[in-house]
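A short worksheet on the structure shown next.
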Amino acid sequence: MLAFLYGLSLVEAPPKYWGTVAASAVLLALYGAGLVRLVPAASSAILGEEPHLRREGDRTFRRCGTRELFKLFLIVVLVRLLEFPLTYIVHYAMFGYTGTFFEVQRLWLDLYHPETAFPLYGYLSDVFWIFTVNFNHARFIGSYLFTSLAVVALYYLVQLDFDRKIARRAVRYCLLLPFSLTLMGTVPDGLFLLLSILSLLFLRKKLFPLSNLFAMLAVLTHALGVLLFVPLLFGYVSFLIGNIRANRGTEKGYIVKQILTVLSFLLIPVGVGLVMLYSSLRFGDALSLYTDVFRADGVGISGLFRFTDAAFLETRIVGGNAPAVLFGTYLSQFIYLLFALLMLLLSADTVPSAFALLMAVTIPITSVTGRMQDTAGFITITAPFVITFAAKVKNRWADAVVTVLLLAGWIAYFFAFIAGFTG
């Protein structure tokens with residue numbers, strides 16, 4: 001099917017450069033290979049055996065306490081706060097004195113666009129106005145709080161299936177992924193990351209109504225929230241089949257409980273309806289926020305063609321900021337996409353199949369909806385990618401190398417962001 005769609009796109013919207021043909025073919029082949037590897041793992045999950053649970057030696061059975069989580073929360077908050085003086089120092093080194101310490105931090109405010117933002121983040125962050133009497137400062141507090149809580153939730157989620165070393169590694173990688181630096185800005189991504197992780201956490205615990213509730217809140221926060229319906233439905237179907245095989249349907253109140261659980265899946269479309277209502281009241285168009293998902297660089301594989309063509313065109317521009325724009329706008333997105341495809345290939349026997357399915361439906365969104373320029377952001381706030389990454393890097397020396405590379409990428413992207421070369 002992928003080969004057919006690829007050939008059809010070549011005919012309908014032929015790329016300008018042969019490099020685009022080759023690069024897009026490799027990306028689609030990697031995605032197809034990831035799907036092929038996912039099929040047997042998903043089949044095993046439906047039949048009641050998750051491949052990732054066979055590695056009993058990797059699992060943590062000691063309870064994760066409140067003190068441990070609170071300590072991690074404080075550490076993450078402190079690390080994020082250090083980015084404020086770092087912003088000022090780097091900005092001063094590049095441009096000299098252009099404003100006070102707090103005026104320079106407005107760089108992070110420019111990331112928020114209320115005309116395209118989903119409603120929940122704005123309303124929740126505005127609550128902190130009570131303490132700041134300033135909506136911009138309130139959004140800063142909200143972003144820091146939501147991101148820190150998301151990292152704590154990620155740690156708790158990972159240690160359910162793996163040891164604490166992998167959980168700590170997942171936290172470190174999550175904070176060092178280059179695009180994660182934008183989470184310190186006034187963007188809804190930190191809140192979405194928190195809500196999506198909580199949804200996956202309750203899915204892992206088979207508490208489906210709570211999982212659907214947090215998925216609905218994620219829908220109210222980000223366009224990617226709708227995709228949570230896929231892993232949640234898969235997880236519930238696998239759970240039901242397991243119950244049928246174990247003859248649990250005869251338990252008292254079982255049918256009533258399952259009916260209520262099924263009804264909880266309506267929370268996600270309810271969230272979509274609330275977003276449309278908000279969009280209608282504020283912008284006069286119920287589909288305004290969702291139609292913004294579709295961009296001018298093309299829908300379907302042709303969107304991948306156009307974005308890749310633009311990247312090759314940028315390499316032919318001499319002078320100006322072409323090299324910096326190529327790095328910040330194009331190359332970084334391709335690196336993230338290759339990373340995502342590699343993680344999908346490795347996810348089949350590493351994370352729950354429902355998590356791998358979320359990765360599988362997130363990747364094509366970057367091209368099907370013409371959002372290639374948002375690939376890095378989408379991958380950063382989809383937790384199973386970093387979970388797979390942390391689980392696969394087991395060797396101590398490999399972990400050290402990966403950490404150094406991520407830190408170097410983070411620093412490079414930080415400088416590129418302040419210099420204005422990240423699109």
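Quick notes
- Count of segment 323-366 residues which are open to solvent by 20 Å² or more (accessible area, probe 1.4 Å), under 14 Å from the mean Cα position of the chain (by Cα) and hydrophobic (A, V, I, L, M, F, W, C): 4
- Only a single item in (1) within 25 Å of the chain's Cα centre (by Cα); (2) open to solvent by less than 40 Å² (accessible area, probe 1.4 Å) is not met by Asp110, and it is number (2).
- Subset of segment 217-238 (residues that are in contact with a Leu (Cβ under 9 Å, 6 or more places away or on another chain), assigned to a helix (DSSP H, G or I) and either open to solvent by less than 10 Å² (accessible area, probe 1.4 Å) or over 20 Å from Tyr290 (Cβ atoms) (or both)): Ala218, Val219, Gly225, Leu228, Pro231, Leu232, Phe234, Gly235, Tyr236, Ser238
- In segment 16-32, the qualifying residues are those that are in contact with a Leu (Cβ under 9 Å, 6 or more places away or on another chain), over 21 Å from Leu344 (Cα atoms) and not polar (S, T, N, Q), and the one that is least open to solvent (accessible area, probe 1.4 Å) is Val21.
- Selection of helices (runs of 4 or more DSSP H) fully inside segment 1-117 by the criterion of at least 1 residues being touching an Asp or Glu at 6+ places or on another chain (Cβ under 7 Å) and at pLDDT 85 or above returns 18-46.
- Index of the failed condition, Phe162 passing every other in (1) assigned to a helix (DSSP H, G or I); (2) open to solvent by less than 10 Å² (accessible area, probe 1.4 Å); (3) of a type in the set (A, V, I, L, M, F, W, C): (1)
- Test for Leu175: is it under 15 Å from Ile379 (Cα atoms) and either basic (Lys, Arg) or touching a residue at least 40 places away in the same chain (Cβ under 8 Å) (or both): yes
- Enumeration of residues in segment 120-141 that are crowded, with 16+ Cβ neighbours inside 10 Å and either within 21 Å of Gly271 (Cα to Cα) or in contact with a His (Cβ under 7 Å, 6 or more places away or on another chain) (or both): Leu120, Tyr121, Gly122, Leu124, Ser125
- Of the residues screened, Val270 is one that is modelled with pLDDT of 95 or more and surrounded by fewer than 18 Cβ atoms within 10 Å (Cβ to Cβ).
- Selection status of Phe385, out of contact with any helix residue (DSSP H, G or I) (no Cβ under 6 Å at 6 or more places or on another chain) and aromatic (Phe, Trp, Tyr): no
- Per the listing Val133, Val152, the residue uniquely out of contact with any Asp or Glu (no Cβ under 9 Å at 6 or more places or on another chain) and in contact (Cβ under 8 Å) with a residue 24 or more places away in the chain is Val152.
- Residue check for Tyr156: open to solvent by less than 10 Å² (accessible area, probe 1.4 Å), part of a helix (DSSP H, G or I) and not aliphatic (A, V, I, L, M): no
The values are calculated or read from the model by the stated rules, or taken from the named source; none is laboratory data. Not measured: the values here are computed from a predicted model. Quick reminder, even Gly has a Cβ in these numbers, built from the backbone with ideal geometry, and neighbours come from all protein chains shown. Surface accessibility is based on the protein's heavy atoms, side chains included, excluding ligands, DNA and RNA. Shrake-Rupley method; radii C 1.70, N 1.55, O 1.52, S 1.80 Å.
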